[in-house]
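Trainee: Could you have a look at this structure, given as structure tokens, before my questions?
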Amino acid sequence: MANPVLVEVWRGNRVESAHRGAVAVCDASGAMFAEIGDISYPVFPRSAVKSIQALPLVESGAADALDFSDRELALACASHRGEEAHVALASSMLSRVGLDAEALECGAHWPFNQDATLALARAGRSPSALHNNCSGKHSAFLCACRHIGLFCQGYSTFEHPYQAIIREVMEDVTGAPHDADNSVIDGCSIPTYGVSLRSLAYGFARMATGVGLAAGRAAAARRLFSACMSEPFYVSGSDSADLPLMQAAPGRIFVKSGAEGVYCAALPELGLGVALKCDDGAGRAAESMISAVLARILRRDEGLSSRLEELARPPVPSRRGEVVGEICPTGAIEW
């Protein structure tokens, strides 16, 4: 059975595009708060699970030993836009363990932020691995490897001991297997694993509450979420959809995008985790979906819910800036 259409893109008075998807919302016991579509089908969460992948950085003592602030912890969980502050902070993290951009195995690409790309091009420079949106996560991996005493070369490969540590953490938090059978290679060259939306939502509910996690892991999860919600710019960037979502309710909403239309979120005050996937991978539709889902969950806070509904319905502009349509969540996002 096909997943329902969750978002439509209107141009004038006609639907120009329609996007199907699935959504899971549950608590730390695994009880479902809401579900839409097939939430058992495995998806690759990609960057949406960076906060779980960052747990060993804190648990190992590396974050404390290197005197990392909330900004460094947020960048460890980030898909940043390659802005100057992001690049400088990733470089600083590496320098604390005697490394530089050459140690990164994530590859290089132009910044996702247009102004940052133009500034780099005007200066006659090419992007380095520090501009990769995953450089914060990779810098955190290297910092933890140095602190633990693991060799750094090949840290991104499935066989490296640090990736084995991450697999154990991911399995413990989500309750789902992470092994060679469901492993593929992410865009930044590390392994990513096929996991159901149900398991991902469960994992983020446990991260938000600490329920079912060892005391040290629960404390590390709280610290990472707190850092990300305190420094949302370093999790995302000035033109990222994640930034206004977390700014809409400081300290109340954690949200993280992943490639190909995946989003994970946590609402600590409600003890809920959220995971969704836009079937066709459209980022604009996934952004509308997560905004609408959060608005529904938080409907009792009318002011906040209204702001989230606004974010769920961005205008479709012409090249001259005229509003010619709207991206709209459908009535299927309801419970």
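The values are calculated or read from the model by the stated rules, or taken from the named source; none is laboratory data. Just so you know, these numbers come straight off a predicted model, no measurement behind them. In this analysis, Cβ positions are derived from the backbone assuming ideal geometry, glycine residues included, and neighbour counts consider all displayed protein chains. These area figures cover heavy atoms from the full protein model, side chains too; ligands, DNA and RNA do not enter into them. Shrake-Rupley method; radii C 1.70, N 1.55, O 1.52, S 1.80 Å.
Trainee: I'd like the distance between the alpha-carbon centres of region 271-317 and region 150-196, rounded to an integer number of Å.
Mentor: If you average the Cα positions of each part, the centres end up 29 Å apart.
Trainee: Additional query: With a 1.4 Å probe and every protein chain kept in, tell me what percent of the accessible surface of region 43-108 is carbon plus sulfur. Could you put the intermediate results ahead of the total?
Mentor: On the way: 940 of 2200 Å².
Answer for region 43-108 is 43 percent, counting heavy atoms of protein chains only.
Trainee: Contact order normalised by length for region 1-103, with contacts defined as Cα pairs under 8 Å and 6 or more residues apart; what percent is it?
Mentor: Once divided by the residue count of region 1-103, the mean separation gives 15 percent.
Trainee: Using a Gaussian network model of the chain with C-alpha springs under 10 Å, which one of Ser51, Ser60, Ser139 is most mobile by mean-square fluctuation?
Mentor: Ser60
Trainee: Answer rounded, prolate or oblate for region 144-244, using the Cα gyration tensor with square roots of eigenvalues a ≥ b ≥ c: rounded when a/c is under 1.5, else prolate when a/b is larger than b/c, else oblate.
Mentor: Taking the square roots of the gyration eigenvalues as a ≥ b ≥ c, region 144-244 is rounded.
Trainee: Let me ask another. Which residue, Ser156, Ser318, Ser257, tops the fluctuation ranking in a GNM of the chain built on C-alpha contacts under 10 Å?
Mentor: Ranking Ser156, Ser318, Ser257 by mean-square fluctuation puts Ser318 first.
Trainee: Report relative contact order for the chain in percent, whole number only (criteria: Cα-Cα under 8 Å, sequence separation at least 6).
Mentor: 25
Trainee: Taking C-beta distances below 4.7 angstrom as the pairing criterion, name the unpartnered cysteines of the chain, in sequence order.
Mentor: Cys26, Cys77, Cys143, Cys145, Cys152, Cys228, Cys264, Cys278, Cys328
Trainee: With contacts defined as alpha carbon pairs under 8 Å and 6 or more residues apart, what's the relative contact order of region 203-295 in percent?
Mentor: On the way: 140 pairs, mean separation 23.1, N = 93.
RCO, region 203-295: 25 percent.
Trainee: What does the charge dipole of the chain about its Cα centre add up to, to the nearest 20 debye, if the Cβ of each Lys and Arg holds +1 and the Cβ of each Asp and Glu holds -1?
Mentor: Here the chain has a charge dipole of around 400 debye.
Trainee: Okay, next question. Simple spin-label model, 7 Å along Cα-to-Cβ: Val323 to Trp110 in nm?
Mentor: Calculated label separation equals 3.1 nm.
Trainee: Would you tally the net charge around Tyr41, using a Cβ to Cβ cut-off of less than 11 Å, leaving Tyr41 out, and scoring K and R as +1, D and E as -1?
Mentor: It works out to a net charge of 0.
Trainee: Please work out whether region 234-309 counts as rounded, prolate or oblate from its C-alpha gyration tensor, where a ≥ b ≥ c are the square roots of the eigenvalues and a/c under 1.5 means rounded, while otherwise a/b larger than b/c means prolate and anything else oblate?
Mentor: In terms of gyration-tensor shape, prolate.
Trainee: What number comes out for accessible area per residue over the chain if the probe is 1.4 Å? Units Å², please.
Mentor: Computed with neighbouring chains in place, this is 41 Å² per residue.
Trainee: Quick one: helix 283-297 against the long Cα principal axis of the chain, what's the angle to the nearest 10°, folded into 0 to 90?
Mentor: 80
Trainee: Here's something else I'd like to know. Could you tell me how many degrees, from 0 to 90 and to the nearest 10, lie between the Cα long axis of helix 215-230 and the main elongation axis, the longest principal axis, of the Cα atoms of the chain?
Mentor: Long axis of 215-230 versus the principal axis of the chain: about 60 degrees.
Trainee: With r defined as the distance between the Cβ atoms of Glu334 and Gln247 and R0 fixed at 25 Å, what FRET efficiency is calculated, to the nearest 0.05? Don't skip to the answer; put the middle values down first.
Mentor: On the way: r = 25 Å, r/R0 = 1.02.
Step by step, r from the Cβ atoms, then E = 0.45.
Trainee: Also, I was wondering about something else. For Phe225, Phe151, write out the residues from largest to smallest accessible area, computed with a 1.4 angstrom probe and no ligands counted.
Mentor: I get Phe151, Phe225, largest accessible area first.
Trainee: Further question: Going by alpha carbons, how many degrees (0 to 90, nearest 10) lie between the helix axis of 197-209 and the longest principal axis of the chain?
Mentor: Value to nearest ten degrees: 70.
Trainee: Restricting to DSSP H runs of at least four residues, report the calculated mean residue ellipticity at 222 nm for the chain, -39500 (n - 2.57) per run over all residues, nearest 500 deg cm²/dmol.
Mentor: -11500 deg cm²/dmol
Trainee: How much of Ile148 can a 1.4 Å solvent probe reach, expressed as accessible area in Å² and rounded to 10?
Mentor: 80
Trainee: Just checking my list (i) 15.6; (ii) 16.9; (iii) 14.2 against mean projected area of the Cα convex hull in nm² computed from this structure; which label fits?
Mentor: Matching entry in (i) 15.6; (ii) 16.9; (iii) 14.2: (ii).
Trainee: Lys/Arg Cβ at +1, Asp/Glu Cβ at -1, dipole of the chain taken about the Cα centre: which of Ile185, Ala121, Leu267 is farthest positive-ward?
Mentor: About the Cα centre, the residue reaching furthest to the positive side is Ala121.
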